[in-house]
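Report on the following structure.
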Amino acid sequence: MNKQATLLAVDTSTATMAGAIMSGDKLLASVQTESERNHSIHIMTNIETMLKASKLDVNELDGIIAGIGPGSYTGVRIAVTAAKTLAWTCRKPLIGVSSLAALAFSGVFVEKQQLDHAVVLPIMDARRGQVYTAAFEINAASAQSRRLHQDHIVLMEQWCQLWEVQLAELKARGVSCIAIFGDVALHADAISSLEQTAAQYGIAVLAAAHAMSGRALAELGQGQWLEERIMPTEPHELVPNYAQLTEAEVKQNAKEREEG
């Protein structure tokens, strides 16, 4: 897509509804509201507010970006459904972006002065000690960012232990910080254990409860931050990433196994 394209981005996978309209590298409007139980009520109003602030009609957009999860099951569907509807009715290209990547780079945008060569772990609480998470490596010296681990769900304790056994390797390749962004307060014990072990290798652990940023979401959709190919898709082809089976799917699979 043209680097000067005007794009609308929305995400409702977390308690924060994040949105932005960008034209090239210029931020025209943004929204960041905390209303998890009311995303479905406010999303279209927030989109209209951003369009008005940008002095744009929806038909003047060049494309639409949606955070596709993982995260809140209902929340993910709200933004994806709204984006698909707008893209289909206005005949605009639609781009799906990992909500975890958007959360990771929302934190990076704020903390970039402290992050020289770092591994970034975004976390969204998934209950019962679990988190939705992924891993990214950023290197300010080379101006490169890459994905280390795909979006998935895991026990936070196990996730931290996985990184503990990799600390020597991370140190050897110059990583100086592990940054954890998102629902950090809910997983303080596991993070504290990782911090203590990482200190033995001279690696700092930065934990911060940064919320989703519409700008980071939009920039990812533009092809910034990550060296991943971003391609538009047909509205009906965009599929949310829940990173786990729904309860209904689990029950159906169990029933099928019982029936042979």
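The values are calculated or read from the model by the stated rules, or taken from the named source; none is laboratory data. The structure presented is a predicted model; accordingly, all values stated were derived computationally and were not measured. Methodologically, a virtual Cβ is constructed for each residue, glycine included, from the backbone with ideal geometry; neighbour enumeration extends over all protein chains shown.
Hey, can you tell me all the residues within the stretch 1-45 that are over 17 Å from the mean Cα position of the chain (by Cα) and of a type in the set (Gly, Ala, Ser)?
Listed by number, the residues that qualify are ALA5, SER23, GLY24, ALA29, SER35, SER40.
Is there a residue in the stretch 26-49 that is on the phi > 0 side of the Ramachandran plot and among the small types (Gly, Ala, Ser)?
no
Could you give me the residue pairs with C-beta distances under 6 Å whose first residue belongs to the stretch 189-208 and is within 14 Å of VAL175 (Cα to Cα) and of a type in the set (Val, Ile, Thr), whose second residue is modelled with pLDDT of 95 or more and part of a strand (DSSP E or B) wherever it lies, and which are 6+ apart or on separate chains?
VAL205/ILE178
Taking the stretch 195-218 on its own, how many of its residues are assigned to a helix (DSSP H, G or I) and touching a strand residue (DSSP E or B) at 6+ places or on another chain (Cβ under 7 Å)?
6
With GLY24, GLY63 as the choices, which residue is small (Gly, Ala, Ser) and exposed (fewer than 15 other Cβ atoms within 10 Å of the Cβ)?
GLY24
Hey, could you check the stretch 165-197 for residues that are in contact with a helix residue (DSSP H, G or I) (Cβ under 7 Å, 6 or more places away or on another chain) and over 21 Å from ALA140 (Cα atoms) and say which is surrounded by the most Cβ atoms within 10 Å (Cβ to Cβ)?
The qualifying residue surrounded by the most Cβ atoms within 10 Å (Cβ to Cβ) is GLY182.
I'd like the residue in the stretch 173-230 that is basic (Lys, Arg) and over 19 Å from ALA118 (Cα atoms) and, out of all such residues, is modelled with the lowest pLDDT.
ARG229
For the stretch 18-44, name all the residues that are free of Cβ contacts under 8 Å to residues at least 40 places away in the same chain, farther than 18 Å from LEU56 by Cα and touching a helix residue (DSSP H, G or I) at 6+ places or on another chain (Cβ under 8 Å).
The answer is THR33, SER35, GLU36, SER40.
So ARG127 clears everything in (1) within 15 Å of the chain's Cα centre (by Cα); (2) of a type in the set (Lys, Arg); (3) over 26 Å from GLN4 (Cβ atoms) except one condition, right? Which one?
(1)
Taking the condition of being buried (at least 16 other Cβ atoms within 10 Å of the Cβ) and not hydroxyl-bearing (Ser, Thr, Tyr), how many residues in the stretch 111-144 meet it?
Number of matching residues: 20.
Which residue out of THR85, THR89 is more than 17 Å from the chain's Cα centre (by Cα) and more than 25 Å from ALA243 (Cα to Cα)?
The match here is THR89.
Taking CYS177 as the residue in question, decide whether it is touching a strand residue (DSSP E or B) at 6+ places or on another chain (Cβ under 8 Å) and farther than 24 Å from THR16 by Cα.
So CYS177 fits the description; yes.
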